[in-house]
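The values are calculated or read from the model by the stated rules, or taken from the named source; none is laboratory data. Remember, it's a predicted structure, so these values are computed and weren't measured experimentally. Neighbour counts run over all protein chains shown; Cβ positions are idealised from the backbone, glycine included. In case anyone asks, the SASA skips ligands and DNA or RNA and just uses the protein heavy atoms, side chains included. Shrake-Rupley method; radii C 1.70, N 1.55, O 1.52, S 1.80 Å.
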Amino acid sequence: VVVKMIPDNRLPPRHLHAVRTGKTFAVIKWESPYDSPDQDMLYAVAVKDLVRKTDKIYKVKSRNSTVEYTIKKLEPGGKYHVIVQLGNMSKESSMKINTVPLSAPDALKIITENDHILLFWKSLALKESNFNESRGYEIHMFDSLMNITAYLGNTTENFFKVSNLKMGHNYSFSVQARCLYGGQMCGEPATLLYDELGTGKDPSATKSGQATDVAAIVVPVLFLLLVTLGIGFVVLYMRHRRLQSSFTAFANSHYSSRLGSAIFSSGDDLGDEDDEAPMITGFSDDVPMVIA
């Protein structure tokens, strides 16, 4: 037994869902109201911007049982309500879509000054083609000790000055693309911890800043140590050569070619006037011995 459903154009599209969403587009998919349409079906895709309060309608014609459509020209971080129905204004299928927000700024770091700190970051326009510097950035601060989040302001520059920080408080700073239309359509925040610990210094600044400060101190110290060690080795080498030369000269001055060895005095006969007297080696039998 084969049963075939009678086509009914008053039915809504089935299984409406989002396949993929990006910063400026969304791919949606749905199925026809009934299987195997025998003619082209005209769909109306209505896109309502829940932030700007605007509407756009697109027409899609297809005979396929499964229809895929890409909605373009959306805004990063936006919120949309999508409605799909047949062109004869039949029953509808709907869903909500949130587009991907702008990325967080890169290389956020803190530089500590005497009575304030400076936040620095890379321009978001370097990696986001949809971002214009005129939009600017907004900065927030969270005080963990007081459990308070404060909005510090916005700027179109790539740095921001923060003053009046309290000693011993831990702060978290976040920088993101400025929110539009009543705090909506914001960028992803880049967050950095600033732990003052009552010292007035910044031990939790970015690693690049710490590495630069440490290198500025360690490199000269290592250089001075290497120079000092080099000078010490040279001095020790010169003293060694001088002692070796002195010993060689001393040994040569006491060397006896007749005995083939060096002769050293014990010190008892120093100053004796008879040191230069010739050594008596023996007597001959034909020489008479005279005893006074």
Inset, instruction - Test GLU75 against the stated conditions and say whether it is modelled with pLDDT of 95 or more and out of contact with any Pro (no Cβ under 7 Å at 6 or more places or on another chain). - result: no
Inset, instruction - Please state which of the following conditions VAL47 fails to meet, knowing it meets all the rest: (1) assigned to a strand (DSSP E or B); (2) closer than 30 Å to GLU138 by Cβ; (3) of a type in the set (Val, Ile, Thr); (4) open to solvent by 30 Å² or more (accessible area, probe 1.4 Å). - result: (4)
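In segment 173-193, which residues are assigned to a strand (DSSP E or B) and closer than 28 Å to GLU75 by Cβ? Full working, then the answer.
Initially, segment 173-193 is screened for residues assigned to a strand (DSSP E or B), giving 173-177, 180, 184, 190-193.
Matches in segment 173-193: PHE173, SER174, VAL175, GLN176, ALA177, LEU180, GLN184, ALA190, THR191, LEU192.
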Inset, instruction - Find the strands (runs of 3 or more DSSP E) located wholly in segment 76-167 whose residues include 1 or more that are touching a residue at least 60 places away in the same chain (Cβ under 8 Å) and under 20 Å from the mean Cα position of the chain (by Cα), and list them. - result: 109-112, 116-120
Legend entry - Number of the condition not met by ALA205 [criteria: (1) open to solvent by 30 Å² or more (accessible area, probe 1.4 Å); (2) at pLDDT below 90]: (1)
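Is there a residue being part of a strand (DSSP E or B), closer than 22 Å to LYS91 by Cα, outside the structural domain of GLY182 (by the TED database) and in contact with a Pro (Cβ under 7 Å, 6 or more places away or on another chain) anywhere in segment 24-34? Give the steps one after another, and end with the answer.
Taking segment 24-34 as the starting set, the residues that turn out to be part of a strand (DSSP E or B) are 26-31.
Then drop every residue that is not closer than 22 Å to LYS91 by Cα, which leaves 27-31.
Keeping just the survivors that are outside the structural domain of GLY182 (by the TED database) gives 27-31.
Retained after the next criterion (residues that are in contact with a Pro (Cβ under 7 Å, 6 or more places away or on another chain)): 30-31.
Within segment 24-34, one or more residues are part of a strand (DSSP E or B), closer than 22 Å to LYS91 by Cα, outside the structural domain of GLY182 (by the TED database) and in contact with a Pro (Cβ under 7 Å, 6 or more places away or on another chain).
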Legend entry - Unmet requirement for GLU188, which otherwise passes all of (1) modelled with pLDDT under 80; (2) in contact with a Ser or Thr (Cβ under 6 Å, 6 or more places away or on another chain); (3) of a type in the set (D, E, K, R): (1)
Legend entry - Single unsatisfied condition, ARG10 versus (1) farther than 26 Å from ASN132 by Cβ; (2) assigned to a loop (DSSP other than H, G, I, E, B); (3) open to solvent by less than 50 Å² (accessible area, probe 1.4 Å); (4) in contact with a Ser or Thr (Cβ under 6 Å, 6 or more places away or on another chain): (3)
